[in-house]
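What follows is a short report on a single structure.
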Amino acid sequence: MAVEKPLRIAIVAGEESGDLLGADIVQALKRMTGREVKLVGIGGRHLQALGMVPLFDGGEIALMGLSAILRDLPRLMRRISQTASAVVGERPDCLITIDSPDFSLRVAKKVRAADPAIPIVHYVCPSVWAWRPGRALAMKPYVDHILCILPFEVKELSRLGGPSGTYVGHRLTHDPGVLAAAKAQGLPRDLAGDRVKTLLLLPGSRRGEVQRLIGSFGETVAVLRARGHSLRLLLPTVPHVADLVKTSVARWDQEPEIILDPERKWQAFGKADAALIASGTVSLELALSGVPMISCYKFDPVMRMVQSLITVWSAALPNLIADRPIVPEGYNQYVRPRYLARQLEALFSDTAYRTWQKDGFAEVARRMATDKPSGDIAADVVLRHIKLRHSN
């Protein structure tokens with residue numbers, strides 16, 4: 001019997017989170033089809049472990065904020081053209097662009113113009129429901145389908161005239177690490193005031209956000225110590241910002257334990273009494289793990305100029321999913337260490353504040369639930385578009 005030829009899949013994933021999503025789809029495609037999957041494009045360590053040789057370091061497109069994008073625009077435009085040309089040259093069965101819309105959707109547009117036969121699926125709906133809603137309609141000519149990770153996004157795409165979408169849930173709802181952390185968080189916990197409190201510090205996975213937040217995080221730790229708290233500080237991070245993190249925390253009165261190993265990260269989530277974080281996907285990781293948190297964000301200078309265009313009521317994913325405030329947020333000048341420290345104190349103890357978050361996290365988990373892992377649902381959509389291409 002003839003062996004089926006490998007699936008050829010192009011993926012563009014610059015962020016750490018996007019790299020994980022791409023790896024989930026590839027593994028599901030292999031399992032569901034029994035075929036080898038050959039990869040081309042851009043990806044990090046997880047996709048590289050599955051055989052991808054990236055066109056260049058994905059960290060180059062993991063930029064945060066308009067300032068970074070404008071500053072690197074000439075180089076980014078060259079990388080967009082390089083990526084699109086490489087994808088078209090490989091003639092893949094499908095192109096999957098993941099998050100990083102300012103880069104990946106420009107690649108998608110060029111690929112569609114060069115070879116309209118290549119199906120294009122975008123994973124992680126751009127936040128058209130939060131700002132720049134016109135992007136939904138603009139995507140329709142060159143994106144065939146969008147894989148949504150928030151339950152309300154499919155209806156929002158339809159309302160705004162965008163591409164069709166499928167709610168796939170989030171990989172974290174089935175992630176073994178999250179499930180293990182949630183189990184540990186569900187065990188009886190000593191919340192006595194005089195104990196050593198375990199504080200998670202998560203200043204972000206991109207250099208810009210780390211640089212803007214880590215000083216305030218250090219000051220918050222100093223305030224907690226001055227108020228008499230004994231702390232165990234755990235700081236999970238990713239390799240491409242590890243040196244920056246290490247240099248930054250070396251000046252703190254108490255240096256955190258820096259964690260790079262993914263398994264130890266989830267163990268830290270299970271042990272944590274509370275977390276101080278950069279706003280982003282990690283808020284969902286913590287919510288599904290059951291870790292109370294405070295979320296922070298500081299705009300870069302250009303983003304400050306256009307912040308009036310943002311219409312969404314919260315940037316914390318748990319809040320948006322539950323449709324009510326669960327996670328307190330500090331932005332820009334309101335990232336105040338003395339205030340953050342007092343909020344964390346309330347989460348360290350058995351308070352109504354802590355219970356409110358824990359109950360909210362249970363609601364998030366209920367709304368995010370799917371019958372199958374997100375990678376499997378996403379792979380189903382990709383295979384459907386591949387079959388549609390070959391049937392035409």
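The values are calculated or read from the model by the stated rules, or taken from the named source; none is laboratory data. Remember, it's a predicted structure, so these values are computed and weren't measured experimentally. Using ideal geometry, Cβ is built from the backbone for each residue, glycine included, and neighbour counts are taken over all protein chains shown. Side chains are part of the model used for accessible areas, which takes the heavy atoms of the whole protein and leaves out ligands, DNA and RNA. Shrake-Rupley method; radii C 1.70, N 1.55, O 1.52, S 1.80 Å.
Which peptide among 281-288, 215-222 comes first, and what is the full order, when sorted by highest mean count of other Cβ atoms within 10 Å? Show your work: numbers first, answer last.
On the way: 281-288: 25.4, 215-222: 21.0.
Peptide ranking by packing, descending: 281-288, 215-222.
Could you tell me how many degrees, from 0 to 90 and to the nearest 10, lie between the Cα long axis of helix 262-271 and the main elongation axis, the longest principal axis, of the Cα atoms of the chain?
40
Can you compute the modelled spin-label distance between SER85 and ARG71, with each label point 7 Å from Cα toward Cβ, in nm?
Placing both labels 7 Å beyond Cα along the Cβ direction yields 2.7 nm.
Could you run the Karplus curve 6.51 cos²θ - 1.76 cosθ + 1.60 with θ = phi - 60° over the stretch 81-93 and give me ³J(HN,Hα) per residue in whole Hz, x for Gly and Pro?
Coupling constants for the stretch 81-93: 5, 4, 5, 4, 5, 5, 5, 4, x, 7, 6, x, 5 Hz.
Using Cα pairs closer than 8 Å and at least 6 residues apart in sequence, work out the relative contact order for the stretch 161-269, in percent.
Working: 95 pairs, mean separation 33.4, N = 109.
Over the stretch 161-269, the number comes to 31 percent.
Could you give the size of the charge dipole of the stretch 217-357 about its Cα centre, using +1 on the Cβ of each K and R and -1 on the Cβ of each D and E, expressed in debye and rounded to the nearest 20? Write down the numbers at each step before the final one.
On the way: 15 positive and 14 negative charges, 70 e Å.
Computed about the Cα centre, the dipole is about 340 debye.
Nearest 20 debye, what's the magnitude of the dipole of the chain about its Cα centre given +1 on Lys and Arg Cβ and -1 on Asp and Glu Cβ?
Numbers: 51 positive and 40 negative charges, 125 e Å.
Using Cβ point charges on Lys, Arg, Asp and Glu, the chain gives about 600 debye.
Which lysines have a Cα less than 27 Å from the Cα of LYS30, not counting those fewer than 8 places away in the same chain?
LYS5, LYS38, LYS372, LYS387
Please give the net charge around GLY34, taking every other residue with its beta carbon less than 13 angstrom from that of GLY34, where Lys and Arg add +1 and Asp and Glu add -1. Working shown, then result.
Numbers: positive: LYS5, LYS30, ARG31, ARG35; negative: GLU4, GLU36.
Here the count lands on +2.
Taking the 0 to 90 degree range and rounding to the nearest ten, how far is the long axis of helix 16-33 tilted relative to the main principal axis of the chain, both from C-alpha atoms?
So the inclination is approximately 50 degrees.
Per 0.36 nm of contour for each residue apart, how much would the distance between SER230 and ALA250 grow if the chain were fully extended, relative to their Cα-Cα spacing? Don't skip to the end; give the middle numbers.
Working: separation 20, 0.36 × 20 = 7.20 nm, distance 1.89 nm.
Additional length available on full extension: 5.3 nm.
Lysines near LYS246 by alpha-carbon distance under 28 Å, same-chain residues fewer than 8 away left out - which ones?
Qualifying lysines at Cα under 28 Å: LYS197, LYS265, LYS271, LYS298.
In degrees between 0 and 90, to the nearest 10, how far off the longest principal axis of the chain does helix 337-348 point, with axes built from Cα atoms?
90
Taking the Cα centre as origin and putting +1 on Lys and Arg beta-carbons and -1 on Asp and Glu beta-carbons, what dipole magnitude results for the stretch 240-287, to the nearest 20 debye? Kindly include the intermediate steps, with their values, before the conclusion.
Values: 5 positive and 8 negative charges, 12 e Å.
In debye, rounded to 20, the stretch 240-287 gives about 60.
If you count, for each residue, the other Cβ atoms within 10 Å and average over each peptide, how do 351-357, 54-60, 83-89 line up from highest to lowest? Before the final figure, lay out the partial values.
Values: 351-357: 14.7, 54-60: 17.4, 83-89: 19.6.
Answer by packing, highest mean first, reads 83-89, 54-60, 351-357.
Give the cross-link partners of LYS110 among the lysines, using a straight C-alpha distance below 16 Å as the criterion and excluding same-chain residues fewer than 8 apart.
Within the straight-line cut-off, LYS110 pairs with LYS140.
If you count only protein heavy atoms and use a 1.4 Å probe, how large is the accessible surface of HIS174, to the nearest 10 Å²?
70
At what distance in angstrom do the alpha carbon centres of the stretch 255-302 and the stretch 185-225 lie from each other?
Rounded to whole Å, the Cα centres lie 8 Å apart.
Which whole-Hz couplings ³J(HN,Hα) result when phi for each residue of the stretch 377-385 is put into the Karplus expression 6.51 cos²θ - 1.76 cosθ + 1.60, θ = phi - 60°, listed in order with x for Gly and Pro?
5, 4, 5, 4, 5, 4, 5, 4, 6
Once P(r) over Cα pairs in 20 Å bins from 0, in percent is worked out from the coordinates, which option in [x] 27, 61, 12, 0; [y] 22, 57, 21, 0; [z] 27, 57, 15, 0 does it equal?
Of the listed options [x] 27, 61, 12, 0; [y] 22, 57, 21, 0; [z] 27, 57, 15, 0, [z] comes from this structure.
Name the residues whose placed amide hydrogens come within less than 5 Å of the amide hydrogen of TYR167, ignoring near sequence neighbours (fewer than 5 apart) on the same chain.
Under 5 Å from the amide H of TYR167 lie the amide H atoms of CYS148, each far enough along the sequence or on another chain.
What distance in nm separates the simple spin-label points at LEU179 and GLN307, each placed 7 Å from Cα in the Cβ direction?
4.0
Quick query: amide H of LYS197 versus all other amide H atoms, modeled in the peptide plane; which residues come in under 5 Å with a sequence gap of 5 or more or a different chain?
It is SER230, LEU231, ARG232, by chain and number.
Name all residues of the stretch 21-59 having a backbone nitrogen under 16 Å from the label point set 7 Å from the Cα of ASP115 along its Cα→Cβ direction, giving them as ranges.
From the stretch 21-59, the list is 38-42, 55.
Express in Å², to the nearest 10, the accessible area of MET32 obtained by rolling a 1.4 Å probe over the protein heavy atoms while all chains stay in place.
Accessible area, nearest 10 Å²: 80 Å².
Multiply the residue separation of TRP131 and ARG342 by 0.36 nm, subtract the distance between their alpha-carbon atoms, and state the gained length in nm to one decimal. Don't jump to the answer; show the numbers that get you there.
On the way: separation 211, 0.36 × 211 = 75.96 nm, distance 3.20 nm.
Result: 72.8 nm gained on full extension.
Give the accessible area for GLU329 in Å² (nearest 10); use a 1.4 Å probe, count only protein heavy atoms, and leave out ligands, DNA and RNA.
Surface open to solvent at GLU329 totals about 60 Å².
Amide H of ILE259: which non-local residues (sequence gap of 5 or more, or other chain) have their own amide H closer than 5 Å, using H built in the peptide plane?
Distant-sequence amide H within range of ILE259: LEU235, THR237.
Once phi is turned into ³J(HN,Hα) by the Karplus curve 6.51 cos²θ - 1.76 cosθ + 1.60 with θ = phi - 60°, what whole-Hz value does each residue of the stretch 172-187 show in order, with x for glycine and proline?
5, 5, 10, 6, x, x, 5, 4, 5, 5, 5, 5, 5, 5, x, 6
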